Each structure stands twice: as C-alpha cells, then as structure tokens.
Amino acid sequence: MNWQRSSLCGSGDSCVHVAANARSIHITESADPSGAVLTTTPDDFLSLIQTLKEDRQMADSRPTGIEVAVDADDTVRIRATAAPGTTVTTDRRKWDAFVLGVRAGEFDHFAARP
C-alpha cells in the first residue's frame with residue numbers, strides 16, 4: 001500500500017497516514033504503539049473530510065461512520081463505527097496537521113468517485 005500523509009507534517013515526523021485499495025480507505029498513525037490500521041469505506045471517508053472541511057465538530061455531524069474523540073491530555077482516538085474494536089491513536093498536533101491537509105485538498109482523491 002502507498003501511504004500518504006499531509007505535507008504539513010514535519011519531515012521525518014510520524015503522522016496520520018491514509019491509503020486505499022479498490023474498496024477501502026485505511027487510516028493509521030505511524031507512531032501509534034498498537035500499530036492499528038482503521039479500515040473504512042470511501043463514503044465514510046468522504047463524510048469525514050467534508051465534516052473537517054466545513055469545520056464542524058465531529059459530534060455534530062453524525063453519521064460519518066468515523067468517530068474522532070479528543071481526550072483531556074490531547075490524545076486523539078479515531079475509530080470506525082463499523083469496527084469499534086480498532087482505534088488509531090495520535091496526538092493533537094499530528095491530528096491538526098492532518099486536518100489542515102484535508103482542508104487543503106490533499107486527501108480528496110481518496111474519496112473521488114470514478
């Protein structure tokens with residue numbers, strides 16, 4: 001799989017990464033100690049990036065199929081509602097770099113329709 005991260009991540013930094021195959025979108029964090037890879041549908045990923053581009057809170061935009069929670073210590077947890085046992089963990093700085101990349105259109109091709 002060819003993983004892509006936001007160009008706004010620092011060189012050599014771990015970050016949120018996205019990859020795709022013919023039917024699925026995959027999200028991971030290269031520094032996540034669990035090594036979790038969240039697998040979701042293109043539709044759910046499209047809903048996620050639309051929500052992030054519109055600057056809406058994740059809780060206000062159900063159902064996206066992807067839940068994002070920020071803990072008090074700025075740990076960000078990402079999971080798919082269809083696979084609640086898989087949680088990708090990152091920190092707020094890396095999540096913010098991903099969101100800025102989404103808003104810049106860097107991940108639009110993952111949700112593009114043929």
Practice problem: State whether one or more residues within region 46-57 are surrounded by 14 or more Cβ atoms within 10 Å (Cβ to Cβ), at pLDDT below 90, among the charged types (D, E, K, R) and within 21 Å of N2 (Cα to Cα). | Solution: no
Self-check item: Selected residue (criterion: most open to solvent (accessible area, probe 1.4 Å)) from residues of region 63-112 that are touching a residue at least 40 places away in the same chain (Cβ under 8 Å) and assigned to a loop (DSSP other than H, G, I, E, B)
Solution: A82
Quiz item: Would you pick out the residues in region 26-51 that are over 17 Å from G85 (Cα atoms) and of a type in the set (A, V, I, L, M)?
Solution: A31, L46, L48, I49
Practice problem: Confirm whether G10 is modelled with pLDDT under 90, assigned to a strand (DSSP E or B) and over 11 Å from the mean Cα position of the chain (by Cα). | Solution: no
Quiz prompt | Filter result for G35 (modelled with pLDDT of 90 or more, open to solvent by less than 70 Å² (accessible area, probe 1.4 Å) and in a loop (DSSP other than H, G, I, E, B)) | solution = no
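The values are calculated or read from the model by the stated rules, or taken from the named source; none is laboratory data. Bear in mind the structure is a predicted one, so any value in this text is a computation, not a measurement. Note: ideal-geometry Cβ built from the backbone for every residue, glycine included; neighbour counts use all protein chains shown. For accessibility, only protein heavy atoms count, side chains too; no ligands or nucleic acids. Shrake-Rupley method; radii C 1.70, N 1.55, O 1.52, S 1.80 Å.
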